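These notes concern the structure reproduced below.
The values are calculated or read from the model by the stated rules, or taken from the named source; none is laboratory data. Quantities reported herein were computed from a predicted structural model and do not represent experimental measurements. All Cβ positions, glycine included, derive from the backbone under ideal geometry; neighbour counts span all protein chains shown. Note: accessible area is taken over every heavy atom of the protein model, side chains too, but ligands, DNA and RNA are not part of it. Shrake-Rupley method; radii C 1.70, N 1.55, O 1.52, S 1.80 Å.
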Amino acid sequence: MSDTTSQKLLDIQNLSILLPDGADRRYAVEDISIDLSPGETLCIVGESGSGKSLTARAVMGLLPGPKVRVGDGAINFLGEDTTKVTPERLRDIRGNEISMIFQEPMTALNPVMRIGDQIDEIFRFHVSMPAKERAARALQLLTDVNLPDPAGIMRAYPHELSGGQRQRAMIAMALALEPKILIADEPTTALDVTTQAQILKLIKELQQQHHTGVLFITHDFGVVADIADRVAVMQYGKLVEMGTVHEVLNAPQHPYTKGLIAAIPKLKPRAAREQSKESVLSAHGVRKTFGSTGGFSLFGKKDRVVHAVNDVSIEVHRGETLGIVGESGSGKSTMARCLIRLMDIDDGEIYVGDQEISKLDRKHMRPHRRRLQMVFQDPFASLNPRIRVGQIIAQGPILQGVDKEEANKRAKELISIVGLEESAFDRFPHEFSGGQRQRIGIARALALEPDILIADEPVSALDVSIQAQILELLDKIRKQMNLSMVFITHDLRVAAQVCDRVAVMQYGKVVEIGPTAELFGDPQHDYTKALLAAIPGKDWQTEDVA
Amino acid sequence: MSFWKRFARNRQAVLGMFILALVILMALFAGAFYPDDPFRLAGKPLAPPGTSGFLLGSDSLGRDVASGIAHGAKTSIMIGLVATVAAVFIGVIFGALSGYYGGKIDDALMRVTEMFQTIPSFVFAILLVAIMKPSIESIVIAITVVSWPGVARLVRGEFLALKNREFVQACHTLGMGDIQIMLREILPNCVSPIIVVGSLMVATAILIESGLAFLGLGDPNIMSWGFQIGAGRTMLRSAWWVCTFPGIAILVTVLAINLVGEGLNDALNPRLRERQ
């Protein structure tokens, strides 16, 4: 092979991708030029709808045609234009020379096929070698991606693996034929931070071994800081900025990049505030288990019981924000739903002020509902699509016996408090964007003038710039109304920014709780330390962006 | 895009709608075109179409086939609509309670539903009509009884999926009561599939009614398409028109309703809409 470093692996020139007629813009991707060299990692960053995923799919010839198609430009892969080659050649390139890993490994793997067979399939389609050798290669691949018990995993079905293991298996498949380019489309977005850190490390290691060019699509600047050599920033289908990771992250030129980077929550814990001693919400020894209780098991199969919340005690003071952080399955969302009585607890006590609420039946709970309100994670699922915004907000007060006129007036006020136009009152939820819907959800919670707001991952479904706005709004409201907040999140950056105290949960237990600055500065528990170490881009954030 | 625009994009659905409108007009104005009782002996028996003043011929007793079809349309459409509305009503109540509350209530209600589903629906309908004596009421009841379980299962599924959505949980945190959550929050969100299934059920109801009438289990005092076919079946080879025209009427009407149902499905189902 000739001098590989000088030759570009991938050279995308003036690429445009057409959207179907009637879409909100004509081009999904407009006039983009990107190149990739061997052994290099290029990150394409952008918010949802920026066209970053379509760019990656275009390289593989995987555009959702016939309406979405390449309009103009060329994708040169080692001198071959993949937009013009025959479908046979394209199939040969896919997997063999360019391969891809996806965001959700559960849907990218075939659920009814063993992992070993799925890897075997790649070899059978692309190269001819005896079955024994194929099996040996597959086993070696699974070993290379550091999966425990590779032989066992060969025989396992995708649902038997954890999210991180599935993503490792996907990477093994993608690298089976030692492709020259690996396209990774948000490969760690669905994973917990500690798993994400491991996967990023693995991709980096494998890339160094095989000198692969990696095209990495992400929305997370922390990940970019950890893995990229060069960065391309996209907005509305256009490339707004491209440069080395150092240039783009530390000295961004384009106002959009500057805005995005400024919107990333800093890992600096917020300054400690004056604390009230008045307890507004407390939980003592709360337990909640899931599993098939009741109902007899005919075949004597042992019931699987999950201790989602296991002996948790927390206390929230007036005006305070308590963060509950943890990875998926740690029980943090279950805890939130127990606190607000969406679920009945098995054991323990929950006090709102000095009223015990966990044993109240629905009728007696109703008058206390007002004091505890919740903001939900998914802005698309949390508003009834068939009800107008004004009614969604006014509903709560009306149920609590407020006069209809009065409630509507209050709803209009709240709409402007959360920063929406007053015309929103008569519109339906689908007319709003994700961030705006989250504002409506907040207004609904505030309509009852609660003492305590429980926010369950309120910003995790939002783009980073919108995220910053919603966090700001929550903070403003908390101050104005002297609210106490329980803030559930998996994102430690967000927790550092909004919480006064943080409780870290793992396997249903609180492993550590303390003031944010102390917990971040001097973590005591091993798990807290591991979580903090896994935050993507934690080294970069210490250099403050000018 | 408005609902009608989306509906109009499906040409077949528009055609179905047009045919259905014709059938309904025919039913409404049957009395104007054929003011006499369709059971009246109007002339020569077994006159072929176009002769002796019969547009579509006459049957063995000299009854006008065209008049029978026009008046029969009223019966078919009326039975189809009433039976469907009743079945949807019962099905929604069963499905909603069972999906929303789950657990033992769900078990109990679903076992009842399954009991109805295990008996082949047409045989069950025959049995019910035979027990109750053939009349228009007993036919409507029989069709309702055999067709509500499908609606109940559908509504149960929708309620199961929707009751855990965050907007329903938000209503719980506001302190909303169960009835209100079911009627105001969840039900409006499953109206589309119910409309689609309901429209197809009208077609099935018309078929069951015709089948019952064909077997002689129709209301003896009311003209219907199935009755006409039943009356003419022995003379199929000598007087083909007695069976054929009511048969075509059933075919065209049921087809039209199915096309409209498909069109409604395309227009109301947001996931299909995106796929286009």
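What to note about this one:
- Members of the stretch A:84-97 found to be open to solvent by less than 50 Å² (accessible area, probe 1.4 Å) and free of Cβ contacts under 8 Å to residues at least 40 places away in the same chain, listed by number: A:VAL85, A:LEU90, A:ILE93
- Identity of the residue in the stretch A:325-357, within 14 Å of another protein chain (Cβ to nearest Cβ) and part of a loop (DSSP other than H, G, I, E, B), that ends up surrounded by the fewest Cβ atoms within 10 Å (Cβ to Cβ): A:ASP344
- Looking only at residues in the stretch B:150-175 that are under 16 Å from A:GLY441 (Cα atoms) and β-branched (Val, Ile, Thr), the one that is surrounded by the fewest Cβ atoms within 10 Å (Cβ to Cβ) is B:VAL168.
- Only one of B:GLY102, B:GLY80 that is of a type outside the set (Phe, Trp, Tyr), on the phi > 0 side of the Ramachandran plot and either open to solvent by less than 30 Å² (accessible area, probe 1.4 Å) or more than 18 Å from the chain's Cα centre (by Cα) (or both): B:GLY102
- Of all residues in the stretch A:514-526, none satisfies being in a strand (DSSP E or B), buried (at least 19 other Cβ atoms within 10 Å of the Cβ) and over 21 Å from the mean Cα position of the chain (by Cα).
- The lone exception for A:GLY61 - which of (1) over 31 Å from the mean Cα position of the chain (by Cα); (2) open to solvent by less than 70 Å² (accessible area, probe 1.4 Å); (3) assigned by TED's automatic domain parsing to the domain that holds A:GLN13 it fails: (1)
- A residue that is of a type in the set (Asp, Glu), over 30 Å from B:MET182 (Cα atoms), buried (at least 19 other Cβ atoms within 10 Å of the Cβ) and without any contact (Cβ under 8 Å) to a residue 40 or more places away in the chain can be found somewhere in the stretch B:60-72.
- Entry remark, the stretch A:436-470: residues being away from every other protein chain (no Cβ under 12 Å) and open to solvent by 10 Å² or more (accessible area, probe 1.4 Å) number 13 in total.
- Some residue of the stretch A:397-405 being facing chain B (nearest Cβ under 8 Å), closer than 15 Å to B:LEU174 by Cα, buried (at least 16 other Cβ atoms within 10 Å of the Cβ) and touching a residue at least 24 places away in the same chain (Cβ under 8 Å): yes
- Residue check, A:VAL223 crowded, with 19+ Cβ neighbours inside 10 Å, out of contact with any strand residue (DSSP E or B) (no Cβ under 6 Å at 6 or more places or on another chain) and modelled with pLDDT of 90 or more: yes
- Within the stretch A:492-512, the set of residues being over 21 Å from A:GLY222 (Cβ atoms) and assigned to a strand (DSSP E or B) comprises A:ARG501, A:ALA503, A:MET505, A:GLN506, A:LYS509, A:VAL510, A:VAL511, A:GLU512.
- Odd one out for A:ARG134 among (1) surrounded by 13 or more Cβ atoms within 10 Å (Cβ to Cβ); (2) within 28 Å of A:THR188 (Cβ to Cβ): (2)
- Some residue of the stretch B:172-186 being in contact with an Asp or Glu (Cβ under 9 Å, 6 or more places away or on another chain) and at the interface with another protein chain (Cβ under 10 Å from one of its Cβ atoms): yes
- The criterion of at least 1 residues that are acidic (Asp, Glu) is met by the following helices (runs of 4 or more DSSP H) wholly inside the stretch B:82-199: B:103-118, B:136-163, B:166-174.
- Here the condition is being in contact with a helix residue (DSSP H, G or I) (Cβ under 8 Å, 6 or more places away or on another chain), modelled with pLDDT of 90 or more and outside any loop (DSSP other than H, G, I, E, B); of A:LEU322, A:LEU281, it holds for A:LEU281 alone.
- Selection from the stretch A:365-390 of residues that are facing chain B (nearest Cβ under 8 Å) and of a type in the set (Phe, Trp, Tyr): A:PHE376
- Unmet criterion (only one of (1) assigned by TED's automatic domain parsing to the domain that holds A:PRO458; (2) open to solvent by 70 Å² or more (accessible area, probe 1.4 Å); (3) modelled with pLDDT of 90 or more) for A:ARG366: (3)
- Residue match in the stretch B:88-98 (condition: at pLDDT 90 or above, hydroxyl-bearing (Ser, Thr, Tyr) and touching a Lys or Arg at 6+ places or on another chain (Cβ under 9 Å)): yes
- Evaluation of A:HIS126 against (1) under 31 Å from the mean Cα position of the chain (by Cα); (2) open to solvent by 30 Å² or more (accessible area, probe 1.4 Å) (one fails), failing number: (1)
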